[in-house]
Structures are given as structure tokens and as C-alpha cells.
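K.L.:
The structure is given below, and queries will be raised subsequently.
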Amino acid sequence: MSMRIPILIILFCITAGVYAQKTTSQRGASDAVSADLYIRLARKLPLRDTVQALKYFQQALQLEEKNENRLGIARTYLAIGAWFNTINNFQEAEKHLLIAREDILKDTSREGRMLLANIKRNLAEVLGNKGQTQLQTEEYLQTIPLLEKMHAIPELNATYQDLGDIFFSKSQYKTAITYYYKSLTSYEDPSRYYHLIASRHLSLASCMYHLDSLQKMESHLLEAKAKLDKTGVDSINIWADYYYHEGLLDVKHQLYHHAANMFYNGLTIARRLNYNVAICNNLYSLAKLFEKQGQYDKAMKLMEEYGRLSYTLKDFPFRLHALDLMAELSFKQHYPDEAYKYLRKYIILADSLQEREVTEKIHELEAHYQSSEKENRIKLLQHENERQEFALQKNRLLISLMVVIILSLLVVAALSYLFYRNGRKLLEQQRQLHEFEVERIRQEHKISLLSAMLEGQEKERTRLARDLHDGLGGLLSGIKLELSTVTPSQTTVHRQSLIQNTLQRLDGAMDELRRIARSMMPEILIKYGLGEATVEYCRGLKKTGTDNIICQVFNFQAEAMEHTRQVVLYRIMQELVNNAIKHAEASQILVLLQQTDNTLFLTVEDDGKGFDTTVGNKLKGAGLANIEARVEFLGGKIDIQSEPGTGTAITIECATSIS
């Protein structure tokens with residue numbers, strides 16, 4: 001009974017904690033949905049209704065802060081910054097995006113890293129709108145590693161596209177080409193991004209146009225058209241850019257009529273979509289084409305429309321291009337006053353643009369200083385908030401943590417005991433299995449040695465039987481036949497001759513018997529040892545016609561080696577020499593017996609045809625297994641060196657005694 005009460009308390013705490021966590025998570029999810037709806041409402045409002053939009057954004061922010069949702073807070077600040085960017089309030093946009101970046105900077109989750117990348121991309125766009133190109137480029141470059149690590153291909157390619165646009169605007173076309181090519185990285189589903197791929201091919205075509213690489217420009221235009229043909233109405237604005245670039249290529253090839261048609265096609269599509277950038281590009285190109293053809297009135301009419309539209313665009317170069325070309329056209333139309341007026345406006349605008357760039361540079365430095373100050377203050381506030389939050393979480397999670405630790409320790413202890421017991425059983429089984437396997441291998445090795453020894457003995461008996469039957473048996477049979485011819489009727493001289501022949505044949509039979517006895521157990525081996533027996537064996541082979549054998553014995557001490565071991569080595573020497581004579585086709589055979597201290601070396605070497613030791617040993621069929629078994633019996637080592645065409649050298653190394 002005393003054990004049940006603590007267990008019931010622990011179970012109650014766990015149940016209460018789980019229920020509270022579930023309730024909190026449900027309420028947090030509901031608030032997150034509401035915050036998202038407020039953000040959507042703010043974005044849908046007209047741009048002029050800034051007061052109501054800011055109210056919606058503030059309500060969304062309050063909901064996320066109430067639930068202490070770091071991701072939600074950062075996402076809301078991102079939405080506010082992006083909205084300020086759309087209404088051209090770049091200062092506020094940058095401020096809110098910096099707050100969003102600081103809130104999410106320490107979040108290492110995939111969702112947090114992805115949100116940080118989106119914040120940095122929006123911040124780069126704002127910095128570009130403020131004219132701070134260097135800072136804009138740095139933000140984009142810092143975003144690339146984040147996107148690469150998460151393998152976010154669409155966002156990564158869009159970042160490369162933005163970097164390419166920056167370098168293109170600075171006339172650094174080769175660097176722009178590098179980033180445009182990177183933006184064409186393979187998508188998992190390319191069909192969803194055909195419009196983006198086509199747009200990037202058009203950007204590459206524009207770079208090639210400025211580098212006067214017309215063949216590559218044409219190739220990229222073909223790629224863009226192939227992708228655009230597979231898209232729907234969503235990419236119709238890209239067709240306006242495509243016709244514009246086709247017209248530029250035709251002008252380079254002096255196909256002026258076709259170029260004019262391309263520009264008009266692009267102009268028609270751009271006007272239908274109110275795509276002012278494409279309208280200005282096609283108008284300007286048409287005006288330049290008419291100027292080239294001397295049709296100044298048509299060109300001026302197009303440039304007047306271009307001039308009006310250029311004031312709706314944020315980019316000053318459009319206005320400068322308009323004033324420059326209109327001044328030139330007025331001069332060619334013989335309107336010097338108009339030309340002077342346009343030229344004066346061009347100079348004033350260019351000066352103001354330069355002054356604006358200087359002012360923006362000053363503001364950039366000031367903003368950089370202020371942002372550093374604000375970042376320091378934000379870090380101090382965040383540090384204080386984190387300290388308080390940590391204290392609250394510490395008190396809130398202390399009981400749950402202790403319960404989890406106790407349960408974890410119990411589970412770990414139980415699992416450790418089970419693992420320990422199973423581990424001991426497994427180790428014991430593995431040890432027994434290993435011992436059984438070692439014993440099996442040992443028995444198999446003994447059996448193989450005995451088999452080889454028995455096989456050698458059987459061969460020795462077979463050879464002995466063959467020698468007795470073919471040699472000694474034949475001689476005795478001949479003697480018997482000769483004696484059977486002796487009769488009383490024969491003369492004394494004839495009988496004496498037969499008896500003399502018979503005695504000679506008996507001498508031959510005795511010699512054959514001695515030879516067989518020597519081959520089985522040479523008398524000289526018993527009396528004088530292995531060294532003299534080896535020399536005598538080789539000398540005997542020379543007498544039988546094998547005169548290409550050389551025998552050398554160095555420092556052999558017969559008394560230092562047991563007789564049994566000498567006999568085994570003698571049999572090995574016989575087998576090796578016989579194999580060399582039968583199989584090697586050698587001109588020279590060397591038999592070398594040498595003793596060094598308590599170690600004996602027996603070498604049989606020939607200069608015959610040899611064999612490849614890596615693909616199979618040709619001595620196997622001639623008794624190599626028997627030789628290896630004998631060497632194993634002696635406790636020695638065998639070394640075989642041979643290659644086709646270079647001969648064979650076999651060395652046996654063993655101790656003079658078993659000890």
C-alpha cells in the first residue's frame with residue numbers, strides 16, 4: 001500500500017501535464033490561424049488604406065506575442081516589412097525586416113532557417129530599392145548557403161536570378177551570366193517553372209546581346225520560346241519581353257521589317273497587360289529603328305508616349321533615355337529649341353540623379369550607424385526577455401522534468417539489465433560456437449595430414465610392388481626359364497655356359513634387390529645420415545642417365561638430427577627431384593642441403609618451364625599434398641617460387657629436432 005501512493009501521484013502529474021500541454025497547443029494553433037487571417041486581410045486592402053492595414057497587422061502580432069510563438073512573430077514582422085516595401089516606405093520596411101531577422105536568428109529548425117532566408121531576400125530587395133546595392137548583394141550572398149543546405153531549389157534559383165539582375169544593371173554582363181546560368185538549376189518538376197526558366201533564358205539573351213554574342217543570344221531565345229510554348233496565360237507578359245529581344249536580334253541582323261513586327265507584337269501584349277516596362281522597351285526600340293530609317297516623326301511620336309510612361313516607373317534611366325533620344329530626334333527634325341529643351345532636362349535630371357546617389361550614400365552610412373545602435377538595444381531587450389522567460393520555464397518544467405528523469409532512469413535500468421543478461425548469453429553462445437569451430441578445423445586439419453601421409457605411403461607401396469614385379473620378378477622368371485632348359489643330355493660345356501649365365505642373372509637380381517632396398521631405406525642413410533644419402537641419391541641418378549643434377553651439402557651434422565626426421569626429409573627430397581625430372585624439362589637441377597645452427601634448409605631448384613603459382617600448382621598431382629603433409633609433420637615451412645619460363649625453386653625450412 002505504501003508503494004501505491006507515490007505511483008498514483010506520479011501518474012496524476014503526468015496526466016495533468018499532458019492535458020495542459022494539449023489544451024495550450026490547441027489554443028496556440030487557433031491563434032496562429034487567426035493571426036494568418038489578419039495578415040491576409042491587411043494584404044488584400046487597397047494600398048491607400050494604410051491605417052486599417054496596420055491595425056490588422058498589429059492584431060496579428062498581438063496574437064503571436066501572446067502565445068510566445070517566435071516563428072509567428074518573425075513571420076508577422078516579415079509580412080509588415082514586405083507591405084511597407086510595396087507602398088515605397090523603405091525605411092519602415094527595413095526596420096521591421098531587421099526585427100524579424102533578429103527574432104528568428106537563433107532558431108535552428110528547418111522552418112526557422114527557411115523563414116530567415118525569406119526575410120534576408122526581402123531585406124535585400126528593400127536595400128536595392130534604397131539604392132544600397134552593396135548591402136543588397138551581401139544579403140543575397142548570405143542567403144545562398146541557407147537555401148543550399150535546405151535544398152530549396154526554387155528559392156535558390158530566384159536568388160541567383162536577383163544577383164544576376166544586380167550585375168546586369170551595373171553592366172557586368174559576364175558576372176551576370178554566371179548567376180543566370182546557376183538560376184537554371186534542375187527543378188524536381190520543371191513543368192511548374194517553365195515561365196521562370198523562359199524568363200532567365202531571356203535575361204541570358206540580353207547579356208549576350210550586350211556582349212555582341214548573337215549566336216548564343218539566338219540559342220537562348222529558342223530555349224525561351226520552347227518553354228513559353230508549353231505555358232498558359234500566366235506567362236503572357238513574358239511574351240512581350242520575348243518579342244522585344246527577337247526584335248533586337250533582327251536589328252543586329254539588319255532585318256528591319258521583321259524587327260518592327262516583333263516590337264509591335266511585344267507592344268500589343270504589353271499594352272493589353274499594362275506592363276509599362278515592356279511598353280517602354282518596345283517603344284524605345286521602335287523609335288531607334290525609325291530613327292535609323294530616317295522616319296523621325298514616327299520616332300518622335302513613339303518617344304512622346306515613352307516619355308509620359310517613364311514618369312510612372314521608379315527607374316531614372318528610362319527618363320534619361322527618353323530625354324536623350326527626344327533631343328537627338330528634335331535636332332534631326334531641325335527643331336533646335338526643342339532639342340535644347342530636352343537636352344537641358346536631361347542634364348538637370350542627370351545632375352539630380354548624381355546628387356541623389358550621393359544623398360543615398362550619406363543616408364546609407366547614417367542608416368548603418370542607426371541600425372547598429374538599434375540592434376544593440378534590441379539585443380539588450382531580447383537578453384532581458386530571454387532571462388525572464390528562462391526563469392518562468394524553469395519553474396514550469398521543474399516537476400515535469402523530475403518525473404521524466406525518474407521514469408527514464410527506471411526504463412534505462414530495466415533495459416540495461418535486459419541487455420546485460422542477453423549480452424552474457426550471447427557472448428557465452430559465441431564462445432562455445434567459436435570453440436566448436438576451432439575444434440572442427442583442428443580435426444579437419446589432422447584428417448587432411450593423415451590422409452596425405454597415408455596417400456604417400458600407399459604410393460610408396462605401389463612403387464615398391466611395381467619394382468618387385470617388373471624388375472626383380474622379371475629377372476627371377478628369366479633365371480627359372482634358363483634353369484628349366486638344363487637336361488642330362490646336354491654336354492658339360494653347354495651346361496657350364498648356362499650355369500654361368502644364370503649366375504650373372506642372379507647377380508643382376510641381387511643388384512636390383514639392393515636398389516629397391518636402397519630406395520626404401522638406403523643403408524647409407526642409416527649409417528652416415530641425410531647428407532651422404534642425398535649425395536649418393538643424386539650420384540645414382542647420374543649413373544642412370546640423369547647427368548644434369550648437381551648436389552651440394554654444407555655444414556650438415558647428422559648426429560644433431562633425429563633419424564626419423566632425416567628419413568622424412570629424404571623422402572621429401574626424393575619427391576621434389578622426381579617431380580623436377582618428370583615435369584620441369586630442365587637442363588639443370590640443383591639440390592642444396594644446408595644447416596645453420598639448429599635450422600636445416602633443403603632447396604631443390606631447376607631452370608625448367610616453371611608454372612604460375614597464382615592460378616594453380618602443377619605439382620599438386622605429383623605429390624605436393626604429400627610434401628606439405630610431411631613438412632607439417634616436421635613443424636617446418638615450405639616456400640615455392642616459380643613463374644612460367646623461369647624455372648622453379650622450392651625451399652623447405654625446419655628445425656633439427658622437434659624441441
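The values are calculated or read from the model by the stated rules, or taken from the named source; none is laboratory data. This one's a predicted model, so the numbers in the text were calculated from it and none came from an experiment. Cβ sites come from the backbone with ideal geometry, for glycine too, and all protein chains shown count toward neighbours. In case anyone asks, the SASA skips ligands and DNA or RNA and just uses the protein heavy atoms, side chains included. Shrake-Rupley method; radii C 1.70, N 1.55, O 1.52, S 1.80 Å.
K.L.:
If I model a spin label at Glu428 and Phe601 as a point 7 Å from the Cα along the Cα→Cβ vector, what separation in nanometres do I get?
P.N.:
5.3 nm
K.L.:
What does the accessible area per residue of the range 19-168 come to in Å², with a 1.4 Å probe and no ligands, DNA or RNA counted? Intermediate values should be presented prior to the final figure.
P.N.:
Numbers: 7510 Å² over 150 residues.
Per-residue value: 50 Å².
K.L.:
Sticking with this one: Between Glu562 and Met510, take the C-beta separation as r, use R0 = 35 Å, and let me know the FRET efficiency to the nearest 0.05.
P.N.:
Values: r = 32 Å, r/R0 = 0.91.
Once the sixth-power term is evaluated, E becomes 0.65.
K.L.:
Shifting gears a bit: In what order, largest first, do Glu64, Glu605 sit by accessible area if the probe radius is 1.4 Å?
P.N.:
Numbers: Glu64 15, Glu605 85 Å².
Of Glu64, Glu605, the descending order of accessible area is Glu605, Glu64.
K.L.:
How much of Val568 can a 1.4 Å solvent probe reach, expressed as accessible area in Å² and rounded to 10?
P.N.:
20 Å²
K.L.:
Would you kindly compute the Cα radius of gyration of the range 24-131 and its largest Cα-Cα separation (Dmax), both in Å?
P.N.:
My reading of the Cα-based Rg and Dmax gives 13.6, 46 Å.
K.L.:
Residues with beta-carbon under 12 Å from that of Ile153, excluding Ile153: net charge, scoring Lys, Arg +1 and Asp, Glu -1?
P.N.:
Values: positive: Lys182, Arg192; negative: Glu148, Glu155, Glu188, Asp189.
Every neighbour counted, the sum reads -2.
K.L.:
How high is the FRET efficiency between Arg344 and Asp297 when r is their beta carbon distance and R₀ equals 22 Å, given to the nearest 0.05? Can you show the working numbers first?
P.N.:
Details: r = 23 Å, r/R0 = 1.03.
FRET efficiency, Arg344 to Asp297: 0.45.
K.L.:
What is the gain in length, in nm to one decimal, between Glu304 and Tyr417 on full extension, counting 0.36 nm per residue of separation less the C-alpha to C-alpha distance? Please report the intermediate quantities before stating the final value.
P.N.:
On the way: separation 113, 0.36 × 113 = 40.68 nm, distance 9.01 nm.
Going from the current span to full extension adds 31.7 nm.
K.L.:
Further question on the same structure: Please list the equivalent ellipsoid semi-axes of the range 397-449, computed as the square roots of five times the alpha-carbon gyration tensor eigenvalues, in descending order and whole angstrom. Mind dumping the intermediate values first?
P.N.:
Numbers: eigenvalues 494, 10, 3 Å².
So the equivalent ellipsoid measures 50, 7, 4 Å along its semi-axes.
K.L.:
Let me cross-check Ser416: its accessible surface, 1.4 Å probe, with only protein heavy atoms counted, in Å² to the nearest 10?
P.N.:
Accessible area of Ser416: about 60 Å².
K.L.:
So how much accessible area does Cys538 have, in Å² to the nearest 10, using a 1.4 Å probe?
P.N.:
The accessible area of Cys538 comes to roughly 0 Å².
K.L.:
Using only the Cα atoms of the range 160-216, each taken as one equal point scatterer with no solvent, compute I(q) by the Debye sum, divide by I(0), and report log10 of the ratio at q = 0.12 Å⁻¹.
P.N.:
For the range 160-216, the Cα-only Debye profile gives -0.26.
K.L.:
Long-range amide H contacts for Ile589: which residues qualify at under 5 Å (H placed 1.01 Å from N, peptide plane, sequence gap of 5 or more or a different chain)?
P.N.:
Excluding prolines and chain starts, which carry no amide H, the hits are Ile549, Ile550.
K.L.:
Distance cut-off 20 Å, Cα to Cα: go down the list Lys95/Lys130; Lys44/Lys106; Lys170/Lys298 and report the pairs above it.
P.N.:
Beyond 20 Å: Lys44/Lys106; Lys170/Lys298.
K.L.:
Now, a different point. How many Å³ per residue does the convex hull of the Cα positions in the range 127-171 occupy? Don't skip to the answer; put the middle values down first.
P.N.:
On the way: hull volume 2.7 nm³, N = 45.
So the per-residue hull volume is 60 Å³.
K.L.:
Please turn the phi angles of the range 270-287 into ³J(HN,Hα) values with the Karplus equation 6.51 cos²θ - 1.76 cosθ + 1.60 (θ = phi - 60°), one per residue in order, whole Hz, x for glycine and proline.
P.N.:
5, 5, 5, 9, 6, 8, 5, 4, 5, 4, 5, 4, 5, 4, 5, 5, 5, 4
K.L.:
Could you check the simple spin-label distance between Arg387 and Lys44, using points 7 Å along Cα→Cβ, in nm with one decimal?
P.N.:
For Arg387 paired with Lys44, the spin-label model returns 4.5 nm.
K.L.:
P(r) for the range 77-192: what percent of alpha-carbon pairs falls in each 10 Å bin, starting at zero?
P.N.:
Taking every Cα pair in the range 77-192, the percentages come to 15, 42, 34, 9.
K.L.:
Whenever you get a sec, line up Phe90, Phe263 from highest to lowest accessible area (probe 1.4 Å, protein heavy atoms). Each step should come with its number before you reach the end.
P.N.:
Working: Phe90 40, Phe263 0 Å².
Output order, biggest surface exposure first: Phe90, Phe263.
K.L.:
Find, among the trypsin sites (Lys or Arg not before Pro) in the range 180-273, those assigned to loop by DSSP (not H, G, I, E, B) with at most 15 other beta-carbon atoms within 10 angstrom.
P.N.:
Working: sites: Lys182, Arg192, Arg200, Lys216, Lys225, Lys227, Lys230, Lys252, Arg271, Arg272; in loops: Lys230.
In loop regions of the range 180-273 (DSSP not H, G, I, E or B), the sparsely surrounded trypsin sites (Lys or Arg not before Pro) are Lys230.
K.L.:
Which value, in Å³ per residue, describes the convex hull spanned by the Cα atoms of the range 140-265?
P.N.:
Working: hull volume 12.6 nm³, N = 126.
Measuring per residue, one finds 100 Å³ for the Cα hull of the range 140-265.
K.L.:
Here's another thing I want to ask about it. Rounded, prolate or oblate: pick one for the range 533-659, where a ≥ b ≥ c are the square roots of the eigenvalues of its C-alpha gyration tensor, a/c under 1.5 means rounded, and failing that, prolate if a/b is larger than b/c, else oblate. Don't skip to the answer; put the middle values down first.
P.N.:
On the way: a/c = 1.92, a/b = 1.30, b/c = 1.48.
Judged from the Cα gyration tensor, the range 533-659 comes out oblate (a/c at least 1.5, b/c at or above a/b).
K.L.:
So, in nm, how far is label His494 from label Phe331 when the simple model puts each one 7 Å beyond its Cα toward the Cβ?
P.N.:
15.4 nm
K.L.:
Report ³J(HN,Hα) in whole Hz for each residue of the range 243-256, in order, from the Karplus equation J = 6.51 cos²θ - 1.76 cosθ + 1.60 where θ = phi - 60°; Gly and Pro get x.
P.N.:
Those phi angles translate into 5, 4, 5, 4, x, 4, 5, 5, 5, 4, 8, 6, 9, 5 Hz.
K.L.:
Take the alpha carbon gyration tensor of the range 226-349, find the square roots of its eigenvalues, order them as a ≥ b ≥ c, and report rounded if a/c is under 1.5; if not, report prolate when a/b exceeds b/c, else oblate. Could the numbers behind the result be given before it?
P.N.:
Details: a/c = 2.83, a/b = 1.60, b/c = 1.77.
Judged from the Cα gyration tensor, the range 226-349 comes out oblate (a/c at least 1.5, b/c at or above a/b).
K.L.:
Under unit Cβ charges (Lys, Arg +1; Asp, Glu -1), what dipole magnitude, rounded to 20 debye, does the range 52-150 have relative to its Cα centre? Let's see the in-between values first.
P.N.:
Values: 13 positive and 13 negative charges, 24 e Å.
Rounded to the nearest 20 debye, it is 120 debye.
K.L.:
Provide Val577, Val535 ordered by accessible surface of protein heavy atoms (probe 1.4 Å), highest first. Each step should come with its number before you reach the end.
P.N.:
Working: Val577 0, Val535 45 Å².
Reading off the accessible areas and sorting them downward yields Val535, Val577.
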